[in-house]
Amino acid sequence: MKKVFAICTLLLALGLLFTACGGEEDTPNSPTGNNPATSPVPNNGDEPCPDEGLEASLPPEGAITNGFYLAIGGGQIFLNQDIIAVIDLLGEAGHVIQTPSCAFDGYDRQFFYANVIIDTYPVGDRDFVRIIRFRNDGITTTNGIRAGQSTWDDVLAAYGNNYTQNFGHFTFTQAGTTLTFEIDEEDGSVTNIFYALVE
């Protein structure tokens, strides 16, 4: 009986130890704290890093106000802007996904809002806007282009002919930022829009 009791005690102690060590992934540099909507995504280290060497090409800290930006919610979201400014403008994101960054010390994060997804990269305990993705036709670019409604002709009229093309993606560049339109090859409609830092 004493032997059974000792084994049960040992198993209970081990269970408590694993419980104390487990749980949600710590997010020390998360601007939203331990938000229950934050979903850590493990990085097993087996996959190649698509952003290897990226830190050397990113601009110094600070919003790029003379590049492409998104006007939304009565304000603006700039690339390379601290995510805190976005949260001040739009409120807390409905959902946040994070992965350990393979290019930076910390977490790459995606902040999901009703109309946009904001991708960030970490610097110390802060997160900076790297990509702004349109989620739907609820918003437009500053020149009035709307996913799902505008056409390639509308894009040309709004932004001109100074672009690069890569497999249906047409990219305009300005002051270290890009604005990319994905165009349906069959009907010429704009199917996707996103802003990004030049890498």
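Read-outs throughout are calculated quantities, based only on the coordinates presented, and are distinct from any laboratory measurement. What you are looking at is a predicted structure, and each value in this text was computed from that prediction instead of being measured. Neighbour counts run over all protein chains shown; Cβ positions are idealised from the backbone, glycine included.
Points to keep in mind about this one:
- Measuring r between the beta carbons of Glu92 and Thr65 and using R0 = 22 Å, the FRET efficiency lands at 0.35.
- Extended-chain gain in nm, criterion 0.36 nm per residue less alpha-carbon gap, Asn136 and Thr173: 11.1 nm
- Using distinct alpha-carbon pairs, which all enter the 1/r mean, Kirkwood radius of region 57-197 in Å: 15.5
- Total formal charge among the other residues, if their Cβ is under 15 angstrom from that of Thr164, Lys/Arg +1 and Asp/Glu -1: -2
- Percent RCO, i.e. relative contact order, over region 57-197, from Cα pairs under 8 Å lying at least 6 residues apart: 21
- Model label sites at Ala85 and Thr164, defined 7 Å from Cα along the beta-carbon direction, differ in position by 2.5 nm.
- The spread of Cα positions in region 65-104, taken along each principal axis and listed from longest to shortest, comes to 32, 25, 12 Å.
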